[in-house]
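Visitor: Got a structure here, written out as structure tokens. Questions coming.
The values are calculated or read from the model by the stated rules, or taken from the named source; none is laboratory data. Only a predicted model underlies this, so the values are computations on that prediction, with no experimental measurement involved. A quick note on method: Cβ atoms are made from the backbone with ideal geometry, for glycine too, and the neighbour counts reach across all protein chains shown.
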Amino acid sequence: MRCQPRHERQVYIWLKNKQSCLLCDELADGAAPICMACETELPWLGDHCLSCALPLPAAGLTCGQCLKQPPAFEKVVAPWTYSFPVDSLITRFKHSAKWPFGHLLAELLTQALQHRFADDLPVPDALVPVPLAPRRLRQRGFNQAAMLARWLSVHLGLPSDERLLSRPQDTSAQQNLNAVARKMNLRHAFVLTPGGSVKGRHLALVDDVLTTGATAQALARLLMDAGAARVDVYCLARTPKPGDAP
């Protein structure tokens, strides 16, 4: 018995539908739901630190903090500064479960990474999302970093390993703390899953925003100490130094 009706003509092809821009509601120009005008006006990250992607006044420089204390990660890739409207899109994705905004940003991050891979950025062996503590995961209902990693995994053809790292301790929210408190807050916060494959691998941490870099540093140090060959960080946005204009 055939369950599906037979049609000689195509009934509906959703991929060919015109999409509206999620920012201005005008027709989008391409496959992603954003028009060219809005994409151009996004707060694209300009000159920045070669290591941590901190916005800097000139290209090809390394910031003072990275010169003084080189981070455990090799390079941060972030397309935007954390300012309007990207900050609003990330907040709505992260705290209001507006997943289309997160998916849009993941698509644009994919394009940025593909350009970097075509230039000189080494392709990692796997993507590793920054884990959430159990209580925060229950409250939010999803891990935004894991969702970003899944979308990037599909678009880039790279595996995403969500079980490699865990965060068993419920620590204070990082956004409410200064740089020193953030580092203290993350002591012993993360652990490697027993039997996780790390040694000799190039891994890329995935998160939504890099602020002080304390979380990325803690995780990268954990992975490097476990034998990783290299750790990079892929995120949507980088905050400027406190006191600097975004």
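Visitor: Can you tell me which condition residue 200 does not meet? The list is (1) out of contact with any Gly (no Cβ under 8 Å at 6 or more places or on another chain); (2) modelled with pLDDT of 95 or more; (3) over 20 Å from residue 146 (Cα atoms), and all the others hold.
Guide: Here residue 200 clears every test but (1).
Visitor: Select, from 164, 89, 158, 121, the only residue that is in the same structural domain as residue 209 (by TED's automatic domain parsing) and closer than 16 Å to residue 237 by Cα.
Guide: So the residue among 164, 89, 158, 121 that is in the same structural domain as residue 209 (by TED's automatic domain parsing) and closer than 16 Å to residue 237 by Cα is 89.
Visitor: Every residue in segment 58-95 that is touching a residue at least 12 places away in the same chain (Cβ under 8 Å), among the basic types (Lys, Arg) and within 20 Å of residue 218 (Cα to Cα), please.
Guide: The one that is touching a residue at least 12 places away in the same chain (Cβ under 8 Å), among the basic types (Lys, Arg) and within 20 Å of residue 218 (Cα to Cα): 75.
Visitor: I've got another one for you. Taking segment 58-99, which residues are under 21 Å from residue 115 (Cα atoms), in contact with a Leu (Cβ under 8 Å, 6 or more places away or on another chain) and part of a loop (DSSP other than H, G, I, E, B)?
Guide: Selection gives 60, 61, 73, 78, 79.
Visitor: Can you tell which of 182, 135 is surrounded by 15 or more Cβ atoms within 10 Å (Cβ to Cβ), in a helix (DSSP H, G or I) and at pLDDT below 95?
Guide: Of the residues listed, the single one that is surrounded by 15 or more Cβ atoms within 10 Å (Cβ to Cβ), in a helix (DSSP H, G or I) and at pLDDT below 95 is 182.
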